[in-house]
Ligand code: MV4
């Protein structure tokens with residue numbers, strides 16, 4: 001790989017990758033859609049090329065055009081970021097065929113982990129525990145699945161082999177309802193992935209979602225960077241991640257066992273570069289391999305904050321064939337990091353996406369605060385891509401300090417022009433269950449409501465008046481959203497005392 005990298009992505013992750021390249025002295029090439037002409041990643045890169053119309057399939061999914069641009073601009077490497085082409089084995093192969101370094105794993109590793117049934121079979125052979133379910137890599141017919149189901153036991157889950165991230169999943173409570181659910185799952189999988197193949201897993205209720213970050217170089221060195229707790233999600237969209245996990249806590253033995261198992265899963269597919277092993281963890285701390293994400297993840301910064309490893313720089317070094325700069329013994333978790341995903345969506349209206357121009361914005365700064373964003377005042381949030389505006393990441397010596405810092409940062413953060421989920425995160429930070437770490441993957445959808453969280457809160461007429469003035473002043477119908485200052489009835493010190501009592 002030469003000294004020029006094309007970033008085949010947009011938004012905050014494209015900016016994040018450009019920053020790593022800059023620090024490494026690498027030239028950068030951005031690509032953009034018609035909707036992203038004025039995007040930050042286009043401004044930050046040394047060169048930028050238009051891909052095509054706004055829809056992803058006409059722009060960021062055009063692997064052929066992207067490889068052409070890489071060849072024309074003389075970029076020797078392509079970083080795919082996450083989403084779009086990041087987990088397409090055919091794209092990774094096409095890069096190799098064009099003599100371009102794909103900054104990620106080998107096509108065979110992507111393919112082996114992309115087929116979820118194959119992934120289960122492969123890691124099982126390597127001694128990695130998986131959730132009980134169907135075995136082997138072949139496709140199973142409905143009659144075969146119906147015969148196996150009672151052995152696995154109900155409730156169970158039908159999952160798409162080509163799936164991941166919850167798409168095409170169906171919960172099955174009894175054999176009677178299973179044929180119809182199989183049909184529906186196959187149809188959804190066929191429509192989403194062009195592959196109607198499914199497999200079965202026992203449903204693990206009330207489990208946590210904990211994942212391990214992996215780094216592997218081309219010299220056989222594979223290490224893990226500890227865990228991330230990702231249980232706080234809504235409809236399979238993660239909203240908040242932290243590292244370490246409160247649930248793993250000071251159980252160093254569990255942490256090292258999970259890490260060792262994750263390393264084994266990566267070795268099973270000859271993994272290279274950065275990747276993540278997802279586990280489901282039950283209340284008795286048993287953990288089971290769920291799937292492997294063969295890419296850089298949205299939430300990688302929390303791991304960077306506690307380990308001090310720049311994962312993106314390490315990805316680039318690894319792709320250049322360098323030896324990893326770390327050994328397992330040199331990796332230590334220091335303190336606590338929390339990431340809130342700031343989305344352009346309305347938490348008071350079922351989280352529907354909010355589009356429009358960001359007219360004003362003030363970013364939180366100061367000690368222990370990092371904001372990864374791809375937008376700025378004047379930028380228009382379009383409906384074509386995901387609703388992620390930014391990632392607000394804080395670091396603290398302890399979880400309590402990180403939570404207080406996150407509250408402070410959320411108060412400082414002002415975004416006007418689109419609605420955001422900042423009020424959701426503020427309510428979450430005030431939630432006693434969150435403070436006490438008492439949550440699993442059902443928490444946001446089943447035990448949390450904005451209305452309940454805000455019951456009894458004062459109404460602030462001054463803020464309402466300022467907001468009305470602002471809106472009128474801008475002569476726009478677009479909704480403005482002012483984040484209310486934290487006027488809590490207790491000081492942070494009192495709150496910390498309470499939190500510490502909760503911990504006993
Ligand atoms: C599961 C599960 C329970 N039991 N598998 C959702 C996304 C995909 N990565 C796998 N998912 C799940 N698989 C078994 N056998 C529960 C989920 C799940 C979930 C997992 C992680 C985080 C949030 C979740 C929300 C709902 C369901």
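Computed from the coordinates by the stated procedures, all read-outs in this text should not be read as laboratory data. Given the structure is predicted, the values throughout are model-derived calculations rather than measurements. A quick note on method: Cβ atoms are made from the backbone with ideal geometry, for glycine too, and the neighbour counts reach across all protein chains shown.
Assorted remarks:
- The packing ranking, built from the mean of other Cβ atoms within 10 Å per residue, places the peptides 118-128, 353-363, 237-247, 85-95 in the order 237-247, 85-95, 118-128, 353-363, highest first.
- Distance histogram in 10 Å bins (all Cα pairs of the range 53-108, percent per bin): 25, 59, 16, 0
- Residues residue 143 and residue 221, FRET efficiency given R0 of 35 Å [Cβ-Cβ distance, rounded to 0.05]: 0.15
- Distance between the modelled labels on residue 47 and residue 3, one decimal in nanometres: 1.5 nm (7 Å Cα→Cβ projection).
- Value in Å of the Kirkwood radius, where the range 202-242 supplies the Cα pairs that are averaged: 12.2
- Once you reduce the range 273-311 and the range 383-431 to the center of their Cα atoms, the two points are 21 Å from each other.
- Along each principal axis, taking the top coordinate minus the bottom one, the Cα set of the chain gives 64, 56, 48 Å in descending order.
- Diffusion of the range 220-347 by Stokes-Einstein, at 25 °C in a medium of 0.890 mPa s and with Rh set to the Kirkwood radius over alpha-carbon pairs, works out to 158 µm²/s.
- Panel values: the range 93-234, Kirkwood radius from alpha carbon pairs, Stokes-Einstein at 10 °C and 1.306 mPa s, translational diffusion coefficient 94 µm²/s.
- 15 Å reach of a label modelled at residue 235, 7 Å along Cα-to-Cβ, counting backbone N of the range 433-459: 444-446
- Helix-derived mean residue ellipticity, 222 nm - over the chain, DSSP H n ≥ 4, -39500 (n - 2.57), to 500: -10500 deg cm²/dmol
- For the range 335-468, a/c is less than 1.5, where a ≥ b ≥ c are the root eigenvalues of the C-alpha gyration tensor. That puts it in the rounded class.
- D (Stokes-Einstein, µm²/s), Kirkwood Cα radius, the range 6-45, 1.306 mPa s at 10 °C: 161
- Solvent-free Debye calculation, one equal scatterer per alpha-carbon of the range 344-402: log10 I(q)/I(0) at 0.22 Å⁻¹ equals -0.95.
- Order by protection proxy (mean Cβ within 10 Å, highest first), peptides 12-23, 437-448: 12-23, 437-448
- The tail of the calculated P(r) for the range 122-176, taken as Cα-Cα distances beyond 15 Å, holds 55 percent of the pairs.
- With one equal scatterer per alpha carbon and no solvent term, the Debye-computed log10 I(q)/I(0) for the range 1-124 at 0.13, 0.15 1/Å reads -0.49, -0.64.
- Full extension of the segment from residue 151 to residue 447, taken as 0.36 nm per residue of separation minus the current Cα-Cα distance, would add 103.3 nm.
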